[in-house]
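The values are calculated or read from the model by the stated rules, or taken from the named source; none is laboratory data. Computed from a predicted structure; not experimentally measured. Cβ atoms come from the backbone with ideal geometry, glycine included; neighbour counts cover every protein chain shown.
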Amino acid sequence: MRTGTIVVATDGTTSSRAAVRWAAREAHRRGARLRVTHVLDWEWGETRYEFGAGQFAGARQAAEGIARGGITLAHEVAPGLPAEVDIRVGNPAARLIAETDGVDLLVLGSRGRGGFASLLLGSVSQRVAMHADCPVTVVRGRGDVTAGPVAVGFDDSPGAEGVLRTAFEQAAVRGTGLTVVRTYLPLLPVHLAGAGAAVVATPEQDEDERRRLVEQLAPWRGKFPGVPVDTLISHDSPAAVLSGVSHTAQLVVVGSHGHGTITGTLLGSTGLQLLHHADCPVLLARQA
């Protein structure tokens with residue numbers, strides 16, 4: 001029995017086509033329905049005199065063609081997948097954010113139509129990722145990658161256990177391993193304080209941190225015995241380490257807000273940097 005709904009936004013661009021393919025595979029893995037959404041960005045005030053000329057009807061027909069093209073693409077990836085077309089009218093970011101209520105996952109491309117080539121993340125994708133009420137995946141970098149481990153950053157923030165659970169689930173359903181990244185700032189002797197933690201060797205502190213991480217992971221390894229787990233300890237920033245790991249991973253899982261921030265506020269800096277720089281899809285593990 002199929003349960004749950006995954007929504008993917010498409011505008012016919014290369015980026016959104018990659019998002020549709022990724023969403024179709026994910027829906028197939030989860031046994032979920034796929035909703036292919038296109039938002040018709042129609043400015044009602046400026047076009048109120050154009051209905052007689054059939055302008056809106058033509059735009060609506062084109063929108064349906066784009067969405068149905070997404071259905072066709074999804075079925076190429078996952079034949080027989082239950083999928084439906086959904087056409088919305090209005091501001092794309094606002095309409096997609098409104099659509100996230102009761103949805104299991106929203107999937108976006110990294111850039112849409114009209115975006116500047118120099119921009120690493122489109123404004124619509126960024127706004128939706130920051131404000132959606134459900135988990136969001138932004139498909140970027142090697143969007144069609146299906147090999148490599150799942151990577152996750154794990155710290156001591158209140159929502160970290162939920163992020164780790166999502167990462168283990170994603171690794172298990174993909175039949176792959178999990179790379180758990182822990183970054184921290186070691187205590188340095190006074191005479192080395194100016195050198196910077198990232199370039200100073202602190203083997204004893206690193207081993208203590210690794211031991212603590214292994215202890216924290218033990219219950220999750222028991223729940224997911226089939227998932228091989230590697231750990232990576234670093235003094236660098238979480239975003240820098242996860243961005244580096246993304247070149248060999250098939251998915252990076254990150255929390256939806258930064259350490260110490262208030263639940264429900266804007267996306268934390270680590271997540272935002274990954275949405276701009278990761279070389280594989282990024283899953284923001286927000287509670288639905």
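For the list (1) within 17 Å of the chain's Cα centre (by Cα); (2) surrounded by fewer than 19 Cβ atoms within 10 Å (Cβ to Cβ); (3) modelled with pLDDT of 75 or more, I need the number of the one condition that Val152 fails.
(2)
Is there a residue being crowded, with 17+ Cβ neighbours inside 10 Å, under 20 Å from the mean Cα position of the chain (by Cα), modelled with pLDDT of 70 or more and among the aliphatic types (A, V, I, L, M) anywhere in the range 225-241?
yes
Among the numbered criteria (1) at pLDDT below 85; (2) in contact with a helix residue (DSSP H, G or I) (Cβ under 8 Å, 6 or more places away or on another chain), which one does Leu108 miss?
Leu108 satisfies all of (1) at pLDDT below 85; (2) in contact with a helix residue (DSSP H, G or I) (Cβ under 8 Å, 6 or more places away or on another chain) except (1).
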